[in-house]
Each structure stands twice: as C-alpha cells, then as structure tokens.
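Visitor: Input: one structure, supplied below.
The values are calculated or read from the model by the stated rules, or taken from the named source; none is laboratory data. Predicted model only: the values in this text are computed from it and were never measured. Please note: Cβ atoms are built from the backbone with ideal geometry, for glycine as well, and neighbour counts cover all protein chains shown. Remember, those area values only see protein heavy atoms, side chains included, never the ligands or the DNA or RNA. Shrake-Rupley method; radii C 1.70, N 1.55, O 1.52, S 1.80 Å.
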Amino acid sequence: MPVNCAWANIYRNMQRIDLNCDMGEGMPDDEALMPLISSANIACGGHAGDEDTMRRTVELAMRHGVFVGAHPGFEDRENFGRVEMSLLPSEVFALVLRQIESLASVCRSLRVTLHHVKPHGALYNMAARDPALSHAIASAVVEVDLALVLYGLSGSHLITEARRLGLRTASEVFADRTYQDDGSLTPRNAPGALIEDETQSLAQVLRMVREGTVVSQSGAVVRIAADTLCLHGDGAHAVSFAKTIRNRLIHEGIGIQAP
C-alpha cells in the first residue's frame, strides 16, 4: 500500500472528539479558552450577549480557527437562562429562530460560516426529555440552514428529533457532570451532580471517548455516544482544567476536531 494511503487510513481510524465551550456570556476567560477548543457556542441575545459581544466573540474564534455555533437560550437574563420556563413549542421555535438568525447575521457580515447550534441551560435540559420541544428547536435550525449541526445530549430527544428532520448531529458528553442510569445528567441541584476531582473527570472523559460508556451514580454502565465534549468556561479553574483535558486527550492519541 502506498505510504500516503496508509497514513490516510490511520487518520480515518483515529479516535477524535470535538471540544466545545459556551462563549460570549460575559465570563472572564473567553480569550484564554478559545485556543484550547475546536467549537464555540456563542450566546446570541437570549440568556446573554448582544450584537457587540457576538461580533467580538466570532472575531476571536476566527483568530484561532474555531468553528462558530449559536447558543440560544430562554430570554431570562436574570436567571441566566437556567430556570425552566413554560413555553409552547411554537414559542420555542420562534425564540430559537430569532436568536440563530441574530448570530447568523453577524457571521455573514464577517464572512464566517455558522457551523452549529447548541441550546443553552434550561432549554437544553427540557428539550433533552421533551420530543415536542426538541422538534421545535430542530425545526428552527432547519429553517435557517439544513447544513447546520445540532448539538444535543447524547441519547436524548434533541438528537433523535434532529435526525428525523435530516440534520447532522453531535452527541454531547460532559467532563464535570455525573450521569443517571438512563443516560441523563444528574440535576445540578442534586447531591453529587458536579465532578470536582480532576482525576475522576479525566477518567470519565477517556472512558466515554474510548469505550462509549459512562458509569452512572448508581454504578451502572451506560452506553453513550461521544462526538463533542463540553468544557464549561465559568468555573474558577476553567482554563487549567481545559488545558489538562486537551493535553491528556492529545497524549492518548485522540484528535481534537469539530464534527
């Protein structure tokens, strides 16, 4: 086999993972985190952000070759979009469409391709378990551009509804969150929801990427797809944690690449 074909086969078979992070939300570490990730989810005027922050964050992503995505959330800045709201699917469709189009307009002005959409906070969690809300979100994405990738919790309704409408998807996993037996995340207000030990977090990441499984809080082994890994940017040690995860993945021969 020619050498170049051999290397091509190795590349195709190499394990890869996208590293995504929520950006443009007013946190202090965007500039330090951007070089460490492969895709950025940019707040687009709902839970956070405005035209100026969108533009500056897209420009920052451009400088580091990071793929740009929309991060629509409930229009509830007081609670940072993390409190569940009772909206009709039609209202969710309109909300998501409005926010994606806001960022898409900024991207067009900068001649950048909008790559993906990842819902934020309570909207993300509600849609993960509600097919009607997932369908509304996916429909809004299709309305903007069928070529967009929809990021959603691995195994959730966001993934199944997006695929039903013909969208490409990226199944998302989390380094710093624990899981339940059904593959859902442990609610943030429940005991043990967050993983604060770096060694435990790294072990969970490597298992999800290499084996496609995660150990739930009860000790059950749960099948999980890992296309993209969320790195939260709002913790006190967000940058050092992101560096550690990225470096360990590369050391293990796992490529960093947006879907």
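Visitor: Name the most mobile residue of Leu167, Leu97, Leu146, meaning the one with the largest mean-square fluctuation, in a Gaussian network model of the chain with Cα contacts below 10 Å.
Guide: Leu146
Visitor: Once you keep just the Cα pairs under 8 angstrom separated by 6 or more residues, what percentage relative contact order results for segment 117-199?
Guide: 23
Visitor: Taking the Cβ of Gly152 as the center, what net charge do the other residues with Cβ under 14 Å away carry, scoring Lys and Arg +1 and Asp and Glu -1? All intermediate terms of the calculation are to be shown ahead of the outcome.
Guide: Working: positive: Lys118, Arg129, Arg163, Arg164, Arg168; negative: Asp18, Asp130, Glu161, Glu172, Asp227.
Once positives and negatives cancel, what remains is 0.
Visitor: Given Cβ point charges of +1 (Lys, Arg) and -1 (Asp, Glu) and nothing else, what value in debye, to the nearest 20, does the dipole of the chain about its Cα centre take?
Guide: So the dipole magnitude of the chain works out to roughly 920 debye.
Visitor: What are the ³J(HN,Hα) values, in whole Hz, obtained from phi via the Karplus relation 6.51 cos²θ - 1.76 cosθ + 1.60 with θ = phi - 60°, for each residue of segment 25-33 in sequence order, with x given for Gly and Pro?
Guide: The phi angles translate into 9, x, 7, x, 10, 4, 5, 6, 7 Hz.
Visitor: Separate question: Can you tell which of His237, His115, His135 shows the greatest fluctuation in a Gaussian network model of the chain with Cα springs below 10 Å?
Guide: His237
Visitor: Which residue, Asn189, Asn247, Asn41, tops the fluctuation ranking in a GNM of the chain built on C-alpha contacts under 10 Å?
Guide: Maximum among the listed residues: Asn189.
Visitor: If you don't mind, another one. What's the center-to-center distance, using Cα atoms, between segment 191-244 and segment 75-118 in Å?
Guide: 26
Visitor: Further question on the same structure: So what's the chain giving for Rg/Rh, alpha carbon basis, Kirkwood Rh from the mean inverse pair distance?
Guide: Across the chain, the Cα-based Rg/Rh ratio is 0.95.
Visitor: Roughly what would the spin-label model give for Arg56 and Lys243, points 7 Å off Cα along C-beta, in nm?
Guide: The answer from the label model is 2.3 nm.
Visitor: As a test of the formula, what do you get for the chain when each DSSP H run with n ≥ 4 contributes -39,500 (n - 2.57) and the sum is divided by the residue count, at 222 nm and rounded to the nearest 500 deg cm²/dmol?
Guide: -13000 deg cm²/dmol
Visitor: How high is the relative contact order of segment 36-155? Use alpha-carbon pairs under 8 Å, at least six apart in sequence, and give a whole percent.
Guide: 28
Visitor: What's the local net charge at Ala40, with K and R +1, D and E -1, over the other residues with C-beta under 13 Å away?
Guide: Residues close to Ala40 contribute a combined charge of -4.
Visitor: Right, next: I'd like to know which of Leu158, Thr178, Ala147 lies farthest towards the positive end of the charge dipole of segment 141-185, counting +1 on Cβ of Lys and Arg and -1 on Cβ of Asp and Glu.
Guide: Ala147
Visitor: In Å², and per residue, what accessible area does the chain have when probed at 1.4 Å with the other protein chains present?
Guide: Value for the chain: 47 Å² per residue.
Visitor: Mind listing which GluC sites (Glu not before Pro) in segment 150-259 are in a DSSP loop and have 14 or fewer other Cβ atoms within 10 Å?
Guide: Filter output for segment 150-259: Glu196, Glu252.
Visitor: Given a Förster radius of 35 Å and the C-beta distance between Thr199 and Glu78 as r, what FRET efficiency does 1/(1 + (r/R0)^6) yield to the nearest 0.05? Please report the intermediate quantities before stating the final value.
Guide: Details: r = 36 Å, r/R0 = 1.04.
Efficiency computed from Cβ-Cβ geometry: 0.45.
Visitor: How big is the antiparallel share of DSSP beta bridges in the chain, given as a percent to the nearest 5?
Guide: Once the DSSP bridges in the chain are tallied, antiparallel ones form about 15 percent.
Visitor: Can you give me the span-like helices of the chain, meaning DSSP H runs with 15 Å or more of Cα extent along the axis and Kyte-Doolittle mean at or above 0.0?
Guide: TM-like helix candidates: 89-110, 131-144, 238-251.
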